[in-house]
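Notes to accompany the following structure.
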Amino acid sequence: MAFAGLKKQINKANQYVTEKMGGAEGTKLDLDFMEMERKTDVTVELVEELQAKTKEYLQPNPTARAKMAAVKEGILADCMLTYGKKLGEDSIFASALVEMGDSLKQMADVKYSLDDNIKQNFLEPLHQLQTKDLKEVMHHRKKLQGRRLDFDCKKRRQAKDDEIRSAEEKFAESLQLAQVGMYNLLENDVEQVSQLVTFAEGMLDYHSQCSEILKVLVETLNEKREEAAARPKSEFVPKTLADLNIEMLGSQDGMNGGSSSHLSSPVNKPTHLELLGNGQAQARSTNASPLPSPMRSPARTPMPTKPTQPCCTALYDFEPENPGELGFKENDVITLIQRVDENWFEGSLNGRNGYFPQSYVQVTVPLPSN
């Protein structure tokens, strides 16, 4: 940094400390300018918060994703379609499950279409506003603050007239640029309201399409209910063991002569004393030394059993950043519950359930494919 530039930075710091600690008066701008600054600061916060909340609405973290309509509809649709097909085509309830599963799939697709629309027509313009227009305005405001401090410092220290005049010109230039930038930003209501209209129209279209899908579904399910009510009930007689050609104990006794007294006759068991006496007699009758005990084979180390339920092994430590995420350490074995999407799993570890990224683990036993 050149000496002149370093001196200017020192002057700014000196003036700032003097105003904050020493009570020196700096140049005051009018109330209109201060109101523009306040509204600009609110706009900066608004754009940042609005982007974050809209992304959470469209693409939430796994915890919030589990509560999102599209994901819940998709998971519920898969469940109904799977078990509707397993029950078979002859079941009216099964066909009703398939119909409802198809409708929920359509609603999930409509939700994803809304996501794409909002990203393109609402989030991207907000991002451009934040990274271009707001950034430029904040740059001019920061420069204005620095040049104002430099101007006040030179006035307070009674610098040379040409130095004060030069600082005053730069101060005036930054003041004009900051005012024009904030004015253009705050008077851009037409474009910003148009973006909100696009957002609202997308949500209206989403709910309208979902309403039509649900109307058709309700009509179809009512028809299924009437069909089930009109189907005559066939008489059902439970089968006996004889109907299933299963041999019963009574029939076996008849084939063997019908007598089963030998089953209940008592068996004379030797008493403890008799067993002891027999053992002593055998020991006296033989003078041979007792046989050596057979050699025992060395104990075998049991082979580790492979896990049978879906699980994965942690490749790295994972520290949760959001409520509902599952933290773990490297080499931990995590039980898999379900796949949330292509990037996230839901799993269980030491009695804790939560979500974690797929890239942090290696699947050992995969989840069953539907």
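The values are calculated or read from the model by the stated rules, or taken from the named source; none is laboratory data. Because the structure is predicted, anything quoted here is derived from the model rather than measured. Here the Cβ positions follow ideal geometry from the backbone for every residue, glycine too, while neighbour counts run over all protein chains shown. To get the accessible areas, we keep the full protein, side chains included, count just its heavy atoms, and leave off ligands, DNA and RNA. Shrake-Rupley method; radii C 1.70, N 1.55, O 1.52, S 1.80 Å.
The table below lists the values:
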{"quantity": "Hits in the range 320-366 (condition: open to solvent by 90 Å² or more (accessible area, probe 1.4 Å), acidic (Asp, Glu) and under 23 Å from residue 108 (Cα atoms))", "calculated": "342"}
{"quantity": "Test: residue in the range 234-251 that is out of contact with any Cys (no Cβ under 7 Å at 6 or more places or on another chain), among the basic types (Lys, Arg) and not in a helix (DSSP H, G or I)", "calculated": "yes"}
{"quantity": "Test: residue in the range 148-165 that is under 27 Å from residue 38 (Cα atoms), open to solvent by 50 Å² or more (accessible area, probe 1.4 Å) and part of a helix (DSSP H, G or I)", "calculated": "no"}
{"quantity": "Selection from the range 17-36 of residues that are open to solvent by less than 100 Å² (accessible area, probe 1.4 Å), modelled with pLDDT of 70 or more and out of contact with any helix residue (DSSP H, G or I) (no Cβ under 7 Å at 6 or more places or on another chain)", "calculated": "17, 18, 19, 29, 30, 35"}
{"quantity": "Selection status of residue 141, more than 31 Å from the chain's Cα centre (by Cα), in a helix (DSSP H, G or I) and farther than 29 Å from residue 52 by Cα", "calculated": "no"}
{"quantity": "Residue in the range 218-235 that is closer than 30 Å to residue 125 by Cβ and over 32 Å from the mean Cα position of the chain (by Cα) present", "calculated": "no"}
{"quantity": "Qualifying position, being basic (Lys, Arg), over 16 Å from the mean Cα position of the chain (by Cα), at pLDDT below 80 and open to solvent by 70 Å² or more (accessible area, probe 1.4 Å), among 72, 7, 67, 12", "calculated": "7"}
{"quantity": "Restricting the range 199-215 to residues that are open to solvent by 40 Å² or more (accessible area, probe 1.4 Å) and in contact (Cβ under 8 Å) with a residue 24 or more places away in the chain, the residue that is nearest to residue 130 (Cα to Cα)", "calculated": "203"}
{"quantity": "Of the criteria (1) closer than 30 Å to residue 344 by Cα; (2) modelled with pLDDT of 85 or more; (3) open to solvent by 80 Å² or more (accessible area, probe 1.4 Å), which one residue 97 fails", "calculated": "(3)"}
{"quantity": "Residue 194 open to solvent by 70 Å² or more (accessible area, probe 1.4 Å) and of a type in the set (Gly, Ala, Ser)", "calculated": "no"}
{"quantity": "Cross-chain or 6+ apart pairs with Cβ under 7 Å, the range 98-109 first and farther than 16 Å from residue 83 by Cβ, then part of a helix (DSSP H, G or I)", "calculated": "106/213; 107/73; 107/210; 107/213; 108/70; 108/73; 108/74; 108/77"}
{"quantity": "Some residue of the range 84-92 being in a helix (DSSP H, G or I), open to solvent by less than 90 Å² (accessible area, probe 1.4 Å) and farther than 30 Å from residue 210 by Cα", "calculated": "no"}
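Conditions tested, residue by residue: (1) open to solvent by less than 90 Å² (accessible area, probe 1.4 Å); (2) at pLDDT 80 or above; (3) in contact with a strand residue (DSSP E or B) (Cβ under 9 Å, 6 or more places away or on another chain); (4) more than 26 Å from residue 77 (Cβ to Cβ).
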| residue | (1), (2), (3), (4) |
| --- | --- |
| 217 | yes, yes, no, no |
| 221 | yes, yes, no, no |
| 225 | no, yes, no, no |
| 230 | yes, yes, no, yes |
| 237 | no, yes, no, yes |
| 243 | no, no, no, yes |
| 250 | yes, no, no, yes |
| 253 | yes, no, no, yes |
| 259 | yes, no, no, yes |
